[in-house]
Every structure is written in C-alpha cells, then in structure tokens.
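This report refers to the structure that appears directly beneath it.
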Amino acid sequence: MKKRTGIIALCAGAFLVLSGALALLYFMVLAPAPQPSATVVIDVEAQQLAQAIEAQAFDDRYYSIHFSQGDAIEVCEQEARSRNNNVIQLSVDTLSTRFVEVEEQPDYYLVKLDSIIGTALSYEEKTHECRVDPTTDGVAFYREIMQRRVVRPTD
C-alpha cells in the first residue's frame, strides 16, 4: 500500500514538473509575439475620421447657435408676464413666430403671443410682439397691442 501511494505521488510530481516545463516552453519560445499593428489601425481610422469631419463645411454660425426658437418663446413669455399683472392665458401665434435674417441688421427671432389679462369678470385681450436677439439671449424690442376690453355685468 505504501508503494502504491509513493508511485502515485511520484507520477503526480512528474506530471506537474512536465506540465510546468511545457507551459514555460510555450510562453518563452512558441507563443506568438504581441502585434502592435492593431493600435496603428486604430490610429489610422481615427485620422480618417478626423479628415472626414474636417471635410464637412459648416460655417461658424452652426457651432455658435445654441439659442432656439423655444428659448425665444420662453424669454418673450417672461417679458409679457413681467409687464402685466393677472395673466390668465398666454398662447403663441405659431404662424407669426419665426427666425428673421436681415442683411443690414443682426438676425433675431420674431415672437408673437396672444394673451388674456385681468380677471374672469373684467379682462383685456392683447397681442404681444417680441424681437429676441439670440446673441444676447434677451428681448431687444417689445410691443403690446390691446385688441379689446371685456367687462361682464354682475347681477
């Protein structure tokens, strides 16, 4: 019985030494060398992508415009609320609201709002016009026109 365990231990030791020697031989001699060409391919692809981006011709205004028509509407609504008390309803006239490009003057957003101001028994219907400058993000011109005044009789 002692001989059998001794032989098993000897075989296991020989197996471990032999497998370690083969693994060392593989990593030292037979293993393929790491290929640096994969990083070069990535760099070439990055350069091609950069050249493709540079080839697209956007003018400077494309990168500088961060102020949209929705922002212009919000600025105009704030201006109308600050100039009037008891605003019941504000609605945007979408057919008249637009971005205006003028050669002699700077470009601006023209925003038109319809509003009802007052109380339920006595109110005014007004039209507000704002010219919003996108470079300063503020109202450059404001005008309001009263359409009609309504007074309901009380019983």
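Derivation of every value follows stated rules applied to the coordinates shown; laboratory data play no part. Just so we're clear, the structure is a prediction, and the values are computed from it rather than from any experiment. FYI the Cβ positions are ideal-geometry reconstructions off the backbone, even for glycines, and counts take in every protein chain you see.
Overview of results
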read-out	value
Extreme residue, positive dipole direction of the chain, given options 82, 97, 44 (C-beta unit charges)	44
Rg to Rh, two decimals, where the chain supplies the alpha carbon set and Rh follows Kirkwood	1.67
Check: the chain dipole with +1 on Lys, Arg Cβ and -1 on Asp, Glu Cβ, in debye	1660 debye
Taking 15, 67 and counting other C-beta atoms within 10 Å, the order from fewest to most	15, 67
Distant-in-sequence amide H partners of residue 97 (H built 1.01 Å from N, under 5 Å)	112
Segment 68-151: Rg to Rh, with Rh as the Kirkwood radius over Cα pairs	1.02
Rounded to the nearest 20 debye, dipole of segment 68-151 from Cβ charges on Lys, Arg, Asp, Glu	560 debye
Using θ = phi - 60° and Karplus 6.51 cos²θ - 1.76 cosθ + 1.60, couplings along segment 68-85 (whole Hz; Gly, Pro as x)	9, 5, x, 5, 5, 5, 4, 5, 5, 4, 5, 5, 5, 5, 6, 8, 10, 9
Eligible lysines near residue 112 by straight Cα distance, threshold 30 Å, same-chain separation 8 or greater	126
Rounded to whole Hz, the Karplus (6.51, -1.76, 1.60) HN-Hα couplings of segment 11-18, x for glycine and proline	5, 5, x, 5, 5, 5, 5, 5
